[in-house]
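S.K.: Take a look at the following structure, please.
FYI, it's all coordinate maths here, none of it is from the lab. Computed from a predicted model, the values in this text were never measured in an experiment. Don't worry about glycine lacking a Cβ; one is built from the backbone with ideal geometry, like all the others, and counts go over all protein chains shown.
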């Protein structure tokens, strides 16, 4: 690993440790994939002096963010560091690592800043979609009317779990050595599949008598996520054998 990649790895590890309570397991898997990509990056390629200087400046800025800033500043620092890493890297693993660092920062910004601002609107839109699919009226997050209603909460939304599955799928692909573009495409399809499965689960919960208690458990989503990840991993490995 060349010295500049060591800088990126230090930024990633320190930032992840500083915001550890905010990270889901899929983000830790992504962090592991980024470290592997940095290790794979050509150790014999010495970065130009200007690139090395930019890397050290990013390290200093990240250290200040970690020491004196909150999680949002750390997230912004990761986005900047990821953009710099991707720009100055001379090979595919290094550029993939930069993209991963930036995605990690973007995920944190989404969770800490964007999600609280749009959660109510997103949940209402998802409830309206489910109501349309099963032919039930909706009002905000409430699906149904009278005594037959279901309230859609943030934890039931398909968006967070779909994003987590997509990130875990991309990270698994990179750990398996799948090309970044193929890993991103297959992971996006996996995230979309997870969203559709969750919508089907919510439709069944709201529209079928007796299905609510059966499907309103974390185990159902965990099994669905595991199934999607297994299918994604099989697709990526099949792609490697053909290439």
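S.K.: Would you mind computing, in nm to one decimal, how far apart the modelled labels at residue 149 and residue 72 are, each placed 7 Å from Cα along Cα→Cβ?
M.R.: 3.3 nm
S.K.: Something else now. Provide the FRET efficiency to the nearest 0.05 for the residue 92-residue 115 pair, computing r from the beta carbons and using R0 = 25 Å.
M.R.: Numbers: r = 32 Å, r/R0 = 1.27.
The pair residue 92/residue 115 has a calculated efficiency of 0.20.
S.K.: Within segment 140-163, list the residues whose amide N lies under 18 Å from a label point set 7 Å along Cα→Cβ of residue 133.
M.R.: Flagged as within label range: 140-145, 149-163.
S.K.: Ranked highest first by the average count of other Cβ atoms within 10 Å around their residues, in what order do 192-203, 108-119 fall?
M.R.: Working: 192-203: 19.2, 108-119: 14.8.
The most tightly packed comes first, giving 192-203, 108-119.
S.K.: Given segment 118-218 reduced to its alpha-carbon atoms as identical point scatterers, what log10 I(q)/I(0) does the Debye formula return at q = 0.11, 0.15, 0.18 Å⁻¹?
M.R.: Values returned for q = 0.11, 0.15, 0.18 Å⁻¹ are -0.39, -0.64, -0.82.
S.K.: Based on alpha-carbon atoms only, what is the radius of gyration of segment 99-168 relative to the globular estimate 2.2 N^0.38 Å?
M.R.: My calculation over the Cα atoms of segment 99-168 gives 1.32.
S.K.: Which value, in Å³ per residue, describes the convex hull spanned by the Cα atoms of segment 163-243?
M.R.: Spelled out: Cα convex hull of segment 163-243, divided by residues, is 77 Å³.
S.K.: Something else about it: Shape of segment 92-131 from its Cα gyration tensor (a ≥ b ≥ c, root eigenvalues): rounded if a/c is under 1.5, otherwise prolate when a/b > b/c, or oblate?
M.R.: Note, shape of segment 92-131 comes out oblate.
S.K.: Report the dimensions of segment 153-201 along its three principal axes from the alpha-carbon atoms, largest first, rounded to Å.
M.R.: 37, 15, 12
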